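What follows is a short report on a single structure.
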Amino acid sequence: MINFEQLAQKYDSPLYIYDAEKIIANYKYFYNAFDVKDLKIHYACKALSNVSILKLFKNMGSGLDCVSIQEVRLGLKAGFKAEDIIYTPNNVGEEEFEHAIKVGVKINVDNIQMLEYLGINHPGLPVCIRINPHLMAGGNSKISVGHIDSKFGISIHQLPLVNRIVKRLNIPVEGLHVHSGSDILDPDIFIKAAELMFAAAREFKDLTYIDFGSGFKVQYKEGGLCTDIQKFGKVFSERFNSFCEELGKDLTLRFEPGKYMVSEAGYFLAKVNVVKQTTACTFLGIDTGFNHLIRPMFYDAYHHIENISNPSGDKKIYTVVGYICETDTFGADRIISEVRKHDLLVFRNAGAYCFSMASNYNSRYRPAEVLVYQRQDYLIRQRETFEDLVKNQVEVDVMAQEESAPVLELKPLPEEVKKM
Ligand SMILES: *Cc1c(COP(=O)(O)O)cnc(C)c1O
C-alpha cells in the first residue's frame, strides 16, 4: 500500500506517484497472455516518459515505441539499444528521419512520400510500413487513428502503389505496422486488422515482424469495461501462429501498449484549497488544474477521485474543479467522503497521458513525480521552480530606448515572495 499522506508531507502537492510493482505486474500479465514463438513488447513511452520509468521497462526486457526523435533520445538515455526502439512519427521531416537512421532505431514509415525518399536516399535500409486499415476503433474521435479520414498510415488500398515503389527501389520491408486507436473495447477489431495485415504480409518477402500497435482499454470506472488480455492473447496467438505456418516462417509479433502498462499504476495527489457552496453545488477547489491533468477536460475522461484524508467520512456530492482561470472541471457530482479544507484527494489512473501532457499554463510549475518500489519512494522528477519558468525566456525591453517610455518605479520584492 502506498502511504499517500506521508508522500504528500514529504514531497508536497500536487504530486504524481507511480507504483513500480503494478507496472511490472501489468507487463508480465500482458507478456504471458501470448503464446507465440517470438513476442516483443514496445512500451509506447508517450504515455509516461520519465527516464526512470523507461529504465524499469528496459530492465524487464521491453522495447520502446517512440513517436518523436526526443522520445528516441530519452530511450537511448535510459539505456535501450537502438534496435529495440521503433520510431513511429507522423508528419515529420527528412531531417528527423535522418537523425533516427543515424542512431539506428527501427524506422516506421507512414506516408508514400517518405517511403520514396528513404528508398532513394538510403538504399537497402530496412523499414516498417504503417498501414491504415480503415477500421473505426477507439474511445473517441481524438484517439481514433485508423479510420478512413485519419491522417495516420498508408491506406491499405494503396498497397499496389507501395509494392511498386518497394520493388522499384528494392526496399527491404522488414515490418508491417497497424495502430487503430486507443481505448478499443472490442478485440475483434484487432482480429479484423490482423486479417488485413496477413493478406498484405504475403507481398513482402523480407518481412520479419508484424506490429499490431495498441489501443487496449483499461478500467477507469469501477465496474467499467476493459480489454480481456488473457482471452485476447489466446485467440490472437492461435491466429498468428496459424498464419506463420501458412507463410512458412516465424514472424515476430510486436505490440506497443502505453496506457495498459501505466494507467492504473499512477496516482495524482492534490490538496483541497477551498470548499465552496454555491446555490447549485458544492465545489472543491484544488491546488491543480488542467495544466497538470487535462484528460477530463480534453477527452471527457473519467478519473476516479477519493478523499484519502477522511476515507470513512459521510458521503457527499461534490464538483471537483481546478485553480486555472478557465472552467477546469475534473469531475461533476462526484460522491466523495466528506471533504474539509486541506484534505488530500487522490485521482486514479493517473499513470498514462497525465504528467506527459502537463504544461505550464497560468505560469504554474509542473508537479514532482515519485516512483514507489518495494515500499521505498524515489523522487524521479523535481517540482519545477521559478527558474524553470524563465530559463528559456529572453528578456528584451523593447521600449527602453524611447524617451517617452513610461517609467514605473517598483519596490524590491520582499524576501519571502522571492522564494515562491
Ligand atoms: C499512442 C500510441 C500507442 C499506445 O497507445 P495506448 O492506447 O496508450 O496503448 C502505440 N503505438 C502508437 C504508434 C501510438 O501512437
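Values for this structure:
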read-out	value
Amide H within-cut-off set for V109, under 5 Å, with H built and near neighbours excluded	C128, I129, R130
Mean separation of Cα contacts under 8 Å, 6 or more apart, over the residue count of the chain: relative contact order %	18 percent
Per-residue HN-Hα couplings for the range 166-181 [Karplus 6.51, -1.76, 1.60; θ = phi - 60°; Hz; x = Gly/Pro]	4, 5, 4, 9, 6, 7, x, 8, 8, x, 10, 9, 9, 9, 9, x
Percent accessible area from carbon and sulfur atoms, the range 33-259, protein chains only, probe 1.4 Å	50 percent
Convex hull per residue volume in Å³, alpha carbons only, for the range 33-259	119 Å³
Given charges at Cβ of Lys, Arg, Asp, Glu: the chain dipole, positive-most of G175, G61, T385	G61
Whole-Hz couplings from phi, Karplus 6.51/-1.76/1.60, listed for the range 7-18; x for Gly and Pro	5, 5, 5, 6, 10, 6, 10, x, 8, 9, 10, 10
N90 long-range amide H proximity, modeled H, under 5 Å	none
Relative contact order (%) - the range 33-259, alpha-carbon pairs under 8 angstrom, separation at least six	23 percent
Among V321, V390, V103: highest mean-square fluctuation, GNM of the chain, C-alpha pairs under 10 Å	V390
Rounded accessible area per residue of the chain, 1.4 Å, Å²	51 Å²
Whole-number D in µm²/s for the range 1-96 (Stokes-Einstein; Kirkwood sum over Cα pairs; 37 °C, 0.692 mPa s)	218 µm²/s
Translational D in µm²/s for the chain (Stokes-Einstein at 20 °C, 1.002 mPa s, Kirkwood Rh from C-alpha pairs)	91 µm²/s
Calculated diffusion of the range 224-274, Stokes-Einstein form, Kirkwood radius summed over Cα pairs, 20 °C and 1.002 mPa s, µm²/s	148 µm²/s
Trypsin sites (Lys or Arg not before Pro) lying in DSSP loop within the range 150-203, provided at most 11 other Cβ fall within 10 Å	K151, R202
Pairs beyond 29 Å (Cα-Cα), from K81/K231; K46/K192; K167/K192; K167/K234	K81/K231; K167/K234
Tilt relative to the chain, helix 188-201 - C-alpha long axis, 0 to 90 degrees, to 10	40 degrees
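The values are calculated or read from the model by the stated rules, or taken from the named source; none is laboratory data. Computed from a predicted structure; not experimentally measured. Every residue, glycine among them, receives a Cβ derived from its backbone with ideal geometry; neighbour counts consider all protein chains shown. The protein model used for the area step is the full one, side chains on, heavy atoms only, and it has no ligands, DNA or RNA in it. Shrake-Rupley method; radii C 1.70, N 1.55, O 1.52, S 1.80 Å.
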